[in-house]
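The values are calculated or read from the model by the stated rules, or taken from the named source; none is laboratory data. Quantities reported herein were computed from a predicted structural model and do not represent experimental measurements. Note that we place each Cβ from the backbone using ideal geometry, even for glycine, and neighbour counts take in every protein chain shown. In case anyone asks, the SASA skips ligands and DNA or RNA and just uses the protein heavy atoms, side chains included. Shrake-Rupley method; radii C 1.70, N 1.55, O 1.52, S 1.80 Å.
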Amino acid sequence: MAFTRWKVAVFVDGAFWHGHPDHFNPHTAKPYWREKIARTQQRDRAANLALNERGWTVLRFWDFQLAADLDTCVEEVLVTLGSRGWQRKEG
C-alpha cells in the first residue's frame, strides 16, 4: 500500500515467503526454497533501499502480525503518516 502524498509505503510480508525465522529454516530447506526465499529477501532489501533513497518511509508487517493485532498495525501506520504531515479528521 502506498500513501504517495506522504511517501509512506506499507508492505505485508508472508512469514514463509519472506523468510521469517520462525516459519522458514534455510538449513533444513531444499535448495530451491533457500534460493527462492533468499531472492525475495534481497528484493525486499532493494525495495526498502530504493524507497528510502527517494525519501519514503517503509513499514513492513508480517502477515501474522496483522492477523493477531490489526489495530496496533493500523495505529503504527497512522502515527507514521502523522509524522509525515497527515492529519486525522475528527468526526
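Overview of results
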| item | result |
| --- | --- |
| Residue list for the stretch 39-58, restricted to those being in contact (Cβ under 8 Å) with a residue 12 or more places away in the chain, part of a helix (DSSP H, G or I) and either of a type in the set (Val, Ile, Thr) or open to solvent by 80 Å² or more (accessible area, probe 1.4 Å) (or both) | Thr40 |
| Every pair of residues 6+ apart whose Cβ atoms lie under 7 Å, when the first sits in the stretch 69-91 and is within 17 Å of Met1 (Cβ to Cβ) while the second is part of a helix (DSSP H, G or I) | Cys73/Gln65; Cys73/Leu66 |
| Meets criteria (open to solvent by 40 Å² or more (accessible area, probe 1.4 Å), outside any loop (DSSP other than H, G, I, E, B), without any contact (Cβ under 8 Å) to a residue 60 or more places away in the chain and touching a strand residue (DSSP E or B) at 6+ places or on another chain (Cβ under 8 Å)) for Phe61 | no |
